[in-house]
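**Q** The structure is given below, and queries will be raised subsequently.
Please treat every number below as a calculation from the coordinates, not as lab data. Since we're looking at a predicted model, the values are computed, not measured. Reconstructed Cβ throughout: ideal geometry from the backbone, glycine too, with neighbour counts over all protein chains shown.
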Amino acid sequence: IGPVVDETQLRQDLDYIASAVAQGGNLRAGGQPVRAETEGFYLQPALITDTENAMRINREEVFGPVLSVIRVRDHDEALAVANDTEFGLSAGICTTSLKHASHFKRHAQAGMVMVNLPTAGVDYHVPFGGAKGSSYGPREQGRAAAEFFTTMKTAYTRP
């Protein structure tokens with residue numbers, strides 16, 4: 001894990017962590033600035049448990065090494081919580097049920113859907129992008145990128 005982009009982003013990430021704790025979340029690990037020998041603004045990866053869907057940490061996009069955990073009763077609630085947001089870059093669940101995994105992949109409203117994998121990080125040969133408020137339009141990478149940057153032309157010549 002590398003540094004966050006700048007000091008402003010570091011302060012914002014620390015504010016998200018403090019807000020989550022103030023709203024009842026439990027900071028289980030990390031969440032402190034790190035002084036490193038190399039230049040940059042570093043933050044220990046933070047794990048926050050006991051969060052609720054309505055909390056700020058879960059309603060906004062956080063651009064830092066911050067993970068909040070929302071515990072749900074069942075698959076239906078997991079899908080409802082995942083879709084109850086204005087954003088949709090990525091969504092993921094952990095499950096041993098192939099039925100639930102397949103249903104989640106079809107119905108999660110996100111540009112990238114992961115099952116039993118981290119929601120950050122992608123393969124560079126596949127399209128990348130979000131949905132809803134996390135999207136700016138066309139997908140990046142993969143065939144979608146080639147199509148986006150390709151201008152089609154039809155030309156005819158009579159001999």
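**Q** Determine the dipole magnitude for the stretch 1-71: charges of +1 sit on the beta-carbon of Lys and Arg, -1 on that of Asp and Glu, nothing else is charged, the reference point is the Cα centre, and the result goes in debye to the nearest 20.
**A** Working: 6 positive and 10 negative charges, 62 e Å.
Around 300 debye, computed over the stretch 1-71.
**Q** Given a Förster distance of 25 angstrom, what is the FRET efficiency for residue 59 paired with residue 105, based on the Cβ-Cβ distance and rounded to 0.05? Present the calculation step by step, with values, prior to reporting the outcome.
**A** Values: r = 24 Å, r/R0 = 0.95.
Working from the Cβ atoms, E equals 0.60.
**Q** At 7 Å along Cα-to-Cβ for each site, give me the label-to-label distance between residue 71 and residue 116 in nm.
**A** Between residue 71 and residue 116, the simple spin-label model gives 2.3 nm.
**Q** Residue 34's amide H: which non-local residues (gap 5+, or another chain) put their own amide H closer than 5 Å, with H modeled 1.01 Å from N in plane and none for Pro or chain starts?
**A** Amide H neighbours of residue 34, under 5 Å, 5+ apart: 42, 43, 44.
**Q** Among 16, 42, which comes first, then next, by fewest other beta-carbon atoms within 10 Å? Could the numbers behind the result be given before it?
**A** Values: 16 23, 42 16.
If I rank by nearby Cβ atoms, fewest first, I get 42, 16.
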